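S.K.: Take this structure, written in structure tokens, and hold onto it; I'll ask about it next.
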Amino acid sequence: MALFSHSKIGTFTDCPLRYKYRYIDKVETEIERSIEAFMGSMVHEALEKLYKDLRFMKVDTLKELLDWYNNHWEKNYDDKILIVRKEFSAEDFRKTGEKCITDYYEKYKPFDQMKTVSIEQRILLDIFDDKRYMLQGYIDRLATDGNGTFEIHDYKTAGTLPSDDKVNEDRQLALYSIAIKKMYPYAKKIYLIWHYLRFNQEIKIEKNDDELENLKIEIVKQIDEINSAKEYPAKESILCDWCEFAPICPKKKHLFRTEQMEPERFSADDGVKLVTRYAELTAEKKEIDDELKSVEKKIYAFSEQEKVENIAGKGVVARIWTGKTFRMPNSGDEERDKMENIIRESGIWEDFSRLDTFALSKAMQAGKLNSDLIKKLAPFVQKDIVRRIYLKEKD
């Protein structure tokens, strides 16, 4: 029996290779975690202390809470923590965490809105009560009014505020509410509450029974997909910059390695040299291609102006060929479907199966189609003039 969680399932969805590294291979890497994750953890632990102390009738002052947070930060911070956004320092993130705690404290003091049931409570959810699909998680804070209403609180230190659609798509707290319903059958209402601390914003929703049943079905499908996976491809996204497996991931490892190099060593790296040269050649080729197109246009113009089809050069002759072709609707267009039906009805579909437009164009140019069919196809076909330049050495 495999035990899943919201974050475990989310990891597979975001990047199957990261899932494999973390949960199957259990790879240890030189990156412990990102500064954003570290800050979030420190803020969570500070709010956890606040509510634990309240259970013993001790209301921490804001100064006490911030002192504890800063001491805890200093004890746990180390240089292995990844800072992706180099324009910000660890100190900037520490101050951001301070502000999150301060705003929360001022908004909710004296913290008597509901009675806290548990803090960091482990949830174990057996979806079908048969141990086939087991999920676990931890509720930041569970609270109740004592009359059948429960609140599941979650603290977020993310730098973005989600839209209503994103909040409604969030599965984590909804899964927790299924477990709470089982734990407390007398629960009448269960509210899901996210605290987006950087914005001093509380978002509160309630899920109905139909939504929760649909969520179960969705989660079961995802677990089945994970269990049946044979390959674990890397999936590139903006999240890659914060991935702890960047040093070994085929999508990121060379980028990660070279970012740590001094300029001289960076310039000497074989990969850097090859790609730099390739970029240079690509730029040169584009320049040549652009010039070639410009000269081609001028040759065509000269040919028309002088009414010549062969133009002399130094040691070479350019022969100008002009022909006609027929341009037809692209596959998938409504007009293409109509055209294909006409060809089927004409009885020549086998000659142009899957509508080989090149072969059909040649047949039309060669006069191999009867005039009635050509008239029917005419609304779908545009005549294009095609020109080519062929070089040959002078005799």
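S.K.: Output the residue which, of all residues in the stretch 87-107 that are of a type in the set (D, E, K, R) and in contact with a Phe, Trp or Tyr (Cβ under 8 Å, 6 or more places away or on another chain), is farthest from Ser34 (Cα to Cα).
M.R.: Top of the filtered list is Glu98.
S.K.: Take the residues of the stretch 296-327 that are farther than 20 Å from Lys392 by Cα and at pLDDT below 80: which is surrounded by the most Cβ atoms within 10 Å (Cβ to Cβ)?
M.R.: Phe326
S.K.: Oh, and also: Across the stretch 185-201, which residue is farthest from Met39 (Cα to Cα) among those that are more than 25 Å from the chain's Cα centre (by Cα) and touching a residue at least 40 places away in the same chain (Cβ under 8 Å)?
M.R.: Taking the candidates together, the pick is Lys188.
S.K.: Follow-up question, since we're still on this one. Tell me which of these Asp140 doesn't satisfy, since it passes every other one: (1) acidic (Asp, Glu); (2) assigned to a loop (DSSP other than H, G, I, E, B); (3) in contact (Cβ under 8 Å) with a residue 60 or more places away in the chain.
M.R.: (2)
Results for (1) under 27 Å from the mean Cα position of the chain (by Cα); (2) over 25 Å from Leu3 (Cα atoms); (3) surrounded by 12 or more Cβ atoms within 10 Å (Cβ to Cβ), shown as yes or no for each residue.
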site: Asp78; (1), (2), (3): no, yes, no
site: Ile101; (1), (2), (3): no, yes, yes
site: Thr149; (1), (2), (3): no, yes, yes
site: Ile152; (1), (2), (3): no, no, yes
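S.K.: Which of the helices (runs of 4 or more DSSP H) found entirely inside the stretch 154-250 contain at least 2 residues meeting this: touching a Gly at 6+ places or on another chain (Cβ under 8 Å) and under 17 Å from Leu125 (Cα atoms)?
M.R.: Fully inside the stretch 154-250 and qualifying: 172-183.
S.K.: Tell me the residue from Glu91, Glu45, Glu28 that is outside any loop (DSSP other than H, G, I, E, B), exposed (fewer than 13 other Cβ atoms within 10 Å of the Cβ), without any contact (Cβ under 8 Å) to a residue 40 or more places away in the chain and acidic (Asp, Glu), please.
M.R.: Step by step, each of Glu91, Glu45, Glu28 is checked, and only Glu91 is outside any loop (DSSP other than H, G, I, E, B), exposed (fewer than 13 other Cβ atoms within 10 Å of the Cβ), without any contact (Cβ under 8 Å) to a residue 40 or more places away in the chain and acidic (Asp, Glu).
S.K.: Quick check on Gln113: is it modelled with pLDDT under 95, loosely packed, with under 12 Cβ neighbours inside 10 Å, out of contact with any Gly (no Cβ under 7 Å at 6 or more places or on another chain) and within 17 Å of Tyr191 (Cβ to Cβ)?
M.R.: yes
S.K.: Here's something else I'd like to know. Can you go through Asn370, Asn330, Asn341 and tell me which one is over 30 Å from Val295 (Cα atoms), at pLDDT 80 or above and polar (S, T, N, Q)?
M.R.: Asn341
The values are calculated or read from the model by the stated rules, or taken from the named source; none is laboratory data. The structure presented is a predicted model; accordingly, all values stated were derived computationally and were not measured. Using ideal geometry, Cβ is built from the backbone for each residue, glycine included, and neighbour counts are taken over all protein chains shown.
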